[in-house]
Amino acid sequence: MKLFAIESSCDDTAAAVVEDGRRVLSSVVASQVFRHVEFGGVVPEIAGRMHCEAISRVAGEALTQAGLDIRDVDAVAVTAYPGLIGSLLVGVNFAKGLAMTAGKPLIPVHHLRGHIAANYISHPSLQPPFLCLVVSGGHSHIVEVTDYTSMRIIGRTRDDAAGEAFDKTARTMGLPYPGGVHMDRLAESGNPDAFTFPVPKVTGSPYDFSFSGLKTAVINTIHHMSQKGIELPRADMAASVRASVVNILTERFLLAANDLGYTKLLLAGGVSANSLLRRRMSELCAERGLTLFYPELSLCGDNAAMIGAQGYYEFLRGNIADMSLNARAERSIEL
Ligand code: KG4
Ligand code: ZN
């Protein structure tokens, strides 16, 4: 079964054709980062307009690269939630138009479920159940995936998402948007023990995260140094921040895995591209006899192939929308 998939929840306009949830026949991503970089973050109004300008071309390229016509695909999948509403609406309305004119079923996909499904493409024999750390720019969850479409949130961030923590601290250090990837690169040549930051205590749930204390501590440290005229050792700061974020994530994730008895663990979302997170989790899982999966780098960030992968399983479960489908800025991954 071939799915044509569209993703436009943030600042990437993407389209793909995916067969049976695992095989990518084409995947096109048009990034808007070059426009948002001068503002230090995504400007929703600009994002919506740029999706409008790009979506027809991106969709056409995805079909051409797959050597297909829209009549040759079996269904249209689209990210319907969560995300920037003005961005989501462009993809959802485009998908509705396509599905209606081509007479194909329309499948709404949750963006974070898509991030998890990126792993099905990179690891074709991977199947639920497993425990997944979903870390993106807008969300940080530990998710129990009992089946392709059955999910339960075990832990979540109380404030900033992990990607947001990277982006905000990177911005304080003068790194360009999106800061996570720049900080990751800079951190490779720094000393992670140069600065120590407080470990957050989250009362109530042992599996919840908090990054706001770290963000404040980093901002204060940088301001104090600049007031005293001390030059910031940027690589050391990047390495120390990265190590703190990764420690918080890995500690809570492995605690949840141990308590719930999961031995199959996954990483997903933009932050799963982080080189220390991948390395550290690989080491810790090897020591504990756990199996770890993460997507290939090209599938960690936003793309439509992952939406096509998850869309296949949503279709099998009968999750098909009619023309009243609307985008939603917020919606739980549990649905
Ligand atoms: O999943 P994603 O592409 O978009 C959302 O759904 O939010 O995630 C984007 C986030 C950004 O915060 C970005 O800085 C972060 O992922 N990110 C990274 C790395 N690559 C992207 N964070 C840390 N290290 C990276 N290598
Ligand atoms: Zn994403």
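Ranking of 107, 320 by solvent-accessible surface, largest first: 320, 107 (1.4 Å probe, protein heavy atoms only, all chains present).
Among the lysines of the chain, pairs at least eight places apart or on separate chains and with Cα atoms under 24 Å apart come to 8.
Normalised by the residues of the stretch 266-335, what does the relative contact order come to in percent, with Cα pairs under 8 Å and at least six apart? Rounded, it is 32 percent for the stretch 266-335. Take every Cα pair under 8 Å whose residues are at least 6 apart in sequence, average their separation, divide by the length of the stretch 29-88, and the relative contact order is 40 percent.
Express the relative contact order of the stretch 162-232 as a whole percentage, based on alpha carbon pairs under 8 Å and six or more residues apart in sequence. List each step's numbers first, then the result.
Working: 51 pairs, mean separation 19.3, N = 71.
After rounding, I find 27 percent.
Using all pairs of distinct alpha-carbon atoms, the Kirkwood hydrodynamic radius of the chain works out to 20.3 angstrom. Accessible surface for the chain, divided over its residues, is 41 Å² per residue with a 1.4 Å probe.
For residue 245, what is the net charge nearby, where nearby means another residue's Cβ is under 14 Å from its Cβ and Lys, Arg count +1, Asp, Glu -1? Don't jump to the answer; show the numbers that get you there.
Working: positive: 168, 215, 242, 252, 278, 279, 280; negative: 159, 160, 164, 167, 184, 251.
For residues surrounding residue 245, the net value is +1.
Inter-part distance, the stretch 1-43 to the stretch 279-335, computed on C-alpha centroids, equals 14 Å.
On full extension of the chain, what length is gained from residue 286 through residue 158, given 0.36 nm per residue of separation minus the C-alpha to C-alpha distance?
Additional length available on full extension: 43.1 nm.
Between the helical axis of 234-260 and the longest alpha-carbon principal axis of the chain there is an angle of about 70 degrees. Excluding residue 303 itself, what net charge comes from residues whose Cβ is under 10 Å from its Cβ, given Lys and Arg +1 and Asp and Glu -1? Neighbourhood net charge equals -3. Net charge near residue 140: determine it from the other residues with C-beta under 9 Å of the C-beta of residue 140, scoring Lys and Arg +1 and Asp and Glu -1. With Lys, Arg at +1 and Asp, Glu at -1, the neighbours total -1. Split the accessible area of the chain by element, probe 1.4 Å, and carbon with sulfur accounts for 51%.
The values are calculated or read from the model by the stated rules, or taken from the named source; none is laboratory data. Quick caveat: nothing in here was measured; it's all calculated off a predicted structure. Every residue, glycine among them, receives a Cβ derived from its backbone with ideal geometry; neighbour counts consider all protein chains shown. Please note that ligands, DNA and RNA were not included when accessible areas were found on the heavy atoms of the full protein model with its side chains. Shrake-Rupley method; radii C 1.70, N 1.55, O 1.52, S 1.80 Å.
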